[in-house]
Amino acid sequence: MKQKREITLAEIAATLGGELINGRGDILISNVSGLRDAKTGEISFLAHRRYLKDIDKTSASAVVIPKDMAFDRLPAIKVDNPYFAFSQLLHLFHDQPYSARGIDSNAFVGNNVELGEDISIYPYVYIGNNSIIGNNVTIYPFTFIGEDSIIGSNSVIYSNVTVREMCRIGSRVIIHCGAVIGSDGFGYVTHQGTHHKIPQVGGVVIEDDVEVGANTTIDRGTTGNTIIRKGTKIDNLIQVAHNVSIGEHCLFAAQSGIAGSSTTGNYVIMAGQSGVADHVNIGNNVIITGKSGATKDIKDGETVSGMPSMSHRKWLKSMAVFEDLPEMKKRIAELEKRLDEADKLFNNLKP
Amino acid sequence: MKQKREITLAEIAATLGGELINGRGDILISNVSGLRDAKTGEISFLAHRRYLKDIDKTSASAVVIPKDMAFDRLPAIKVDNPYFAFSQLLHLFHDQPYSARGIDSNAFVGNNVELGEDISIYPYVYIGNNSIIGNNVTIYPFTFIGEDSIIGSNSVIYSNVTVREMCRIGSRVIIHCGAVIGSDGFGYVTHQGTHHKIPQVGGVVIEDDVEVGANTTIDRGTTGNTIIRKGTKIDNLIQVAHNVSIGEHCLFAAQSGIAGSSTTGNYVIMAGQSGVADHVNIGNNVIITGKSGATKDIKDGETVSGMPSMSHRKWLKSMAVFEDLPEMKKRIAELEKRLDEADKLFNNLKP
Amino acid sequence: MKQKREITLAEIAATLGGELINGRGDILISNVSGLRDAKTGEISFLAHRRYLKDIDKTSASAVVIPKDMAFDRLPAIKVDNPYFAFSQLLHLFHDQPYSARGIDSNAFVGNNVELGEDISIYPYVYIGNNSIIGNNVTIYPFTFIGEDSIIGSNSVIYSNVTVREMCRIGSRVIIHCGAVIGSDGFGYVTHQGTHHKIPQVGGVVIEDDVEVGANTTIDRGTTGNTIIRKGTKIDNLIQVAHNVSIGEHCLFAAQSGIAGSSTTGNYVIMAGQSGVADHVNIGNNVIITGKSGATKDIKDGETVSGMPSMSHRKWLKSMAVFEDLPEMKKRIAELEKRLDEADKLFNNLKP
């Protein structure tokens, strides 16, 4: 069970690096909540101007607001980014101190495994031969770490995960339940009517500070590696195919997928259920909107939509007309009729 | 191995609450099958008028038919809903009596766990501290129940499932293999070029009589709960994001997804591979057809299609014209040419 | 750790059944790589003419080229299909000899299980009563085999897989991590406002040489079987619904899905994120392109695109016009205006 903490408003202001106004610094705060849900004793925050009406009704005992905002109803802390402050406050009230469980006697640890300090290996974990587990790593039950794989320090691997052989996971990586890292790429060569499996002998490299969602699958390279670069976050049920290279600080939403040998730059956003075809190169800062499919290379900074994807602006304009198609077809037919009649009249006029 | 049962036609009629015609109640029936597959000694059923031709050829020894239907070829049982009767007959012939296995010595049970009566805990199950397991619950191997979670009575949790900490699962819930309940929501705040994880400290509430498909993922709330209300059935490989609220008696087909903070009313149908964007409210009795994407609120009773979704009727009409687009473009060019020529002629006519 | 092998070029030529040119057969080769990555001591291959420029710069010590190609820069082996040769070379350099692990003492084996010879059952495997495990089968940790199921010889089942009761898996089948075979089909009958579960009492039959991707789900038949025929390869995160029948030698790419009772012929290709609606019959040699949705039967040999799917050629033509829709609408309005004006003028002309 989690322990509740109480923290003074002054301490909170110091943690957030913000300016305390309207208030006594000695008020005790026990949690952070949304403006509508917050109760007495809790602090809330204004993430966006559209919630301004909520801030006048909130029961919170204090609020975090943007630096430039005038406000006098409640004790408040002024910061640059109240939403970032919300995230900091969640850590403040909810983080539990890490205490290493050690290695459960019901875990299986292979030969020649290098185990870091202060690790937490739950029962029913399988760690293959020659693998390396960094310091402060937590591995939950029913998770399989294959031979010759590396898990960097401070990483957390939830239950029912598989990291197959020869994969390298960085530090501070979070892998959620049921994710599969290093499954075979989908590679066959069809010869005389039979699909022959191409052995998938490459690996997967996941850099530091990456997060991998539940039941997401990341295939190993055929030869060479599938790579996910530092700071990238990928959501649930995503497919990352063999030899894909994903840049730094990307965000991929649930059920998106990227096919074999495709690459992305940094800060790429793939929205839910979107896709990238194989051998496609996506630039930096590209946004692929929900359900869209990129079938060709996309330049830095573009936002694309549709299947096949096109400029988002063009797509919006065309979709705005899409509902008018039946009417447009009728109008064309009407024009043809009128013109036919005009022709007839005109021909009659001719001497 | 399952035991075969033999049941008299009279007993079957009584179970179904139907009227037996053309027949002797003492015929012994051993199974239920489709009209084409049924063999002598089996009973079949007419689910829809389009299968009428099959009923004249079936080898079944008896059939279940709608109340108002005339039929004399075989012993028959008349009921309101023959398809519902099919489901009842499958239960009748295939349900095995529940017998509790108890708790396997190879299961891990944490501290302060409350275990109900007559439970079946297979080997290699992990049950975290302070959790509550109701009466008659079955948990298959390699399933993880986190701390402070509750599994209601008569629920069945198949293998390789994760129910993370602080989740509440109702009674008579079925969770299929590989499903993940309570994974972290996909929440980050980007601050100075880095995506900072927003701690996901909420939970998941799954009410009574819900069914969750294989490898489906249901994220916990950021704060507050992700909720799936009673009687809702969700299929395989579905994403339910953080703080989503799904109404009662909904049906979500495979590979559909609903993004963060969206809500649905009751009796909503999401067809396969459909999606709902974040912060969208879907009314009661809405149908979202296959591969469609709802990006805006949808009113009660609407059926929508397309991406972005629109009225299904409008979408059908526009899609009917879609194939004609190249021809429509040609006809417009042709009209322009004719009008240009007419203008020329007309100008020549002018004095 | 894998052992490196060194093999002479002459031996390689013999293995591939190819003709060695420009070279001494005694050169020792230690690996196969792409033209760009290959180093001295490695062999590479020309999979497609578009890589011709790479073959002049490669550091490989030898290359595999098509039979009819002239080439004299390096020792080369001429074969019919260099890509197939690549696959053979990967086997040659990377396959490890199989050596049976036996049955780990931490595996659970039920009653009356028939175990083949030379099997490898890792720790934390669950094998249910009355199941049959063929010769040379490998089952990785956290995998569940249900009662009365059969795993054919030489099959490999990776970690965290579930094969539920009464499923039949053929020989040389590979099932990747997290896949679920035999989960309940999504079948309900709605009666008086409640969705009643239809018991799913059928099974799954997977024939020889099938490969099932990571976290893919294959539901059991309601009655009768869901069937995947020999040589078919299905990728990650795919949904195969109850009573589906998939033909031989099909290729389904990641995140595709096929709904209840649908069937496909042989050599069908479903590209990524594509779908087939329920009760649809797909012919032989059909290609369903990425993100497309087949809602009606499709004849042998067709390639279809779009949602709902249509002929790929028609779809390409219509999509080429899609971006012009706003302009087309304007041109129609312009034509109407011109015609209205012409009418006016014409009316004025009339006597």
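Here are the numbers for the structure shown:
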| item | result |
| --- | --- |
| Lone unmet requirement of (1) at pLDDT below 95; (2) in contact with a Gly (Cβ under 8 Å, 6 or more places away or on another chain) for C:Ala10 | (1) |
| Which listed residue, of C:Arg164, C:Arg168, is surrounded by 22 or more Cβ atoms within 10 Å (Cβ to Cβ), charged (D, E, K, R) and within 24 Å of C:Ser261 (Cα to Cα) | C:Arg164 |
| B:Asn154 being within 20 Å of B:Pro123 (Cα to Cα), within 23 Å of the chain's Cα centre (by Cα), in a loop (DSSP other than H, G, I, E, B) and of a type outside the set (A, V, I, L, M) | yes |
| In segment C:134-151, residue farthest from C:Asp118 (Cα to Cα) [restricted to those that are more than 14 Å from chain B (Cβ to nearest Cβ) and in a loop (DSSP other than H, G, I, E, B)] | C:Gly134 |
| Check on B:Arg220, more than 19 Å from C:Asp219 (Cβ to Cβ), buried (at least 24 other Cβ atoms within 10 Å of the Cβ), without any contact (Cβ under 8 Å) to a residue 60 or more places away in the chain and in contact with a His (Cβ under 7 Å, 6 or more places away or on another chain) | yes |
| Residue in segment B:58-65 that is without any contact (Cβ under 8 Å) to a residue 40 or more places away in the chain, in contact with a Phe, Trp or Tyr (Cβ under 7 Å, 6 or more places away or on another chain) and farther than 17 Å from C:Thr222 by Cβ present | yes |
| Segment C:277-326, residues that are touching a Pro at 6+ places or on another chain (Cβ under 9 Å) and of a type in the set (Ser, Thr, Tyr) | C:Ser292, C:Thr295, C:Ser318 |
| Residue match in segment A:305-322 (condition: under 31 Å from the mean Cα position of the chain (by Cα), over 30 Å from B:Glu341 (Cβ atoms), facing chain B (nearest Cβ under 8 Å) and surrounded by 13 or more Cβ atoms within 10 Å (Cβ to Cβ)) | yes |
| Qualifying residue in segment C:17-30 (condition: hydrophobic (A, V, I, L, M, F, W, C) and within 14 Å of chain A (Cβ to nearest Cβ)) | no |
| For A:Gly178: the one exception among (1) on the phi > 0 side of the Ramachandran plot; (2) part of a strand (DSSP E or B) | (2) |
| Positions within segment B:323-347 being at the interface with chain A (Cβ under 10 Å from one of its Cβ atoms) and part of a loop (DSSP other than H, G, I, E, B), in sequence order | B:Asp324 |
| Residues being aliphatic (A, V, I, L, M), within 34 Å of the chain's Cα centre (by Cα) and more than 17 Å from B:Arg73 (Cβ to Cβ) - total across segment B:26-42 | 1 |
| Residue within segment C:39-49 that is modelled with pLDDT under 90 and among the aliphatic types (A, V, I, L, M) present | yes |
| Selection count where residues are closer than 18 Å to C:Leu237 by Cα and within 14 Å of the chain's Cα centre (by Cα), scope segment B:219-250 | 7 |
| Test for B:Gly23: is it more than 25 Å from C:Gly202 (Cα to Cα), surrounded by fewer than 21 Cβ atoms within 10 Å (Cβ to Cβ) and under 31 Å from the mean Cα position of the chain (by Cα) | no |
| Residue match in segment A:289-301 (condition: under 24 Å from B:Ala333 (Cβ atoms), more than 10 Å from chain B (Cβ to nearest Cβ), part of a strand (DSSP E or B) and in contact with a strand residue (DSSP E or B) (Cβ under 7 Å, 6 or more places away or on another chain)) | no |
| Count - residues of segment A:157-175 that are at the interface with chain C (Cβ under 10 Å from one of its Cβ atoms), part of a loop (DSSP other than H, G, I, E, B) and hydrophobic (A, V, I, L, M, F, W, C) | 2 |
| Whichever residue in segment C:187-242 is among the β-branched types (Val, Ile, Thr), away from chain A (no Cβ under 14 Å) and assigned to a loop (DSSP other than H, G, I, E, B) and, among such residues, is nearest to B:His249 (Cα to Cα) | C:Ile198 |
| Which listed residue is touching a residue at least 24 places away in the same chain (Cβ under 8 Å) and either within 28 Å of A:Lys337 (Cβ to Cβ) or in contact with a Leu (Cβ under 9 Å, 6 or more places away or on another chain) (or both), from C:Ala254, C:Ala333 | C:Ala254 |
| One residue from C:Ile246, C:Ile269 being more than 9 Å from every other protein chain (Cβ to nearest Cβ), closer than 19 Å to A:Thr190 by Cβ and either aromatic (Phe, Trp, Tyr) or touching a Leu at 6+ places or on another chain (Cβ under 6 Å) (or both) | C:Ile269 |
| Subset of segment C:256-279 [buried (at least 21 other Cβ atoms within 10 Å of the Cβ) and of a type in the set (A, V, I, L, M)] | C:Ile258, C:Ala259, C:Val268, C:Met270, C:Ala271, C:Val276, C:Ala277 |
| Top-ranked residue in segment C:95-142 [being of a type in the set (Ser, Thr, Tyr) and over 23 Å from B:Ser105 (Cα atoms); ranked as surrounded by the fewest Cβ atoms within 10 Å (Cβ to Cβ)] | C:Ser99 |
| Residues within segment C:269-293 that are under 25 Å from A:Ile238 (Cβ atoms) and either β-branched (Val, Ile, Thr) or more than 18 Å from the chain's Cα centre (by Cα) (or both), tallied | 6 |
| Exclusive hit being among the aromatic types (Phe, Trp, Tyr) and either touching a His at 6+ places or on another chain (Cβ under 7 Å) or touching a residue at least 60 places away in the same chain (Cβ under 8 Å) (or both), set B:Phe71, B:Phe45, B:Phe86, B:Phe93 | B:Phe93 |
| Test result for C:Val180, surrounded by fewer than 21 Cβ atoms within 10 Å (Cβ to Cβ) and within 20 Å of the chain's Cα centre (by Cα) | no |
| Residue among C:Asp208, C:Asp235 that alone is among the acidic types (Asp, Glu) and surrounded by fewer than 24 Cβ atoms within 10 Å (Cβ to Cβ) | C:Asp208 |
| Strands (runs of 3 or more DSSP E) contained entirely in segment C:33-79, each with at least 1 residues that are within 11 Å of C:Asn22 (Cβ to Cβ) | C:62-66, C:76-79 |
| Residue that is nearest to B:Tyr188 (Cα to Cα), among those in segment A:82-106 that are within 9 Å of chain B (Cβ to nearest Cβ), in a loop (DSSP other than H, G, I, E, B) and at pLDDT 95 or above | A:Asp104 |
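The values are calculated or read from the model by the stated rules, or taken from the named source; none is laboratory data. All values reported here derive from a predicted model rather than from experimental measurement. Here Cβ is always computed from backbone atoms with ideal geometry, including for glycine, and neighbour counts include all displayed protein chains.
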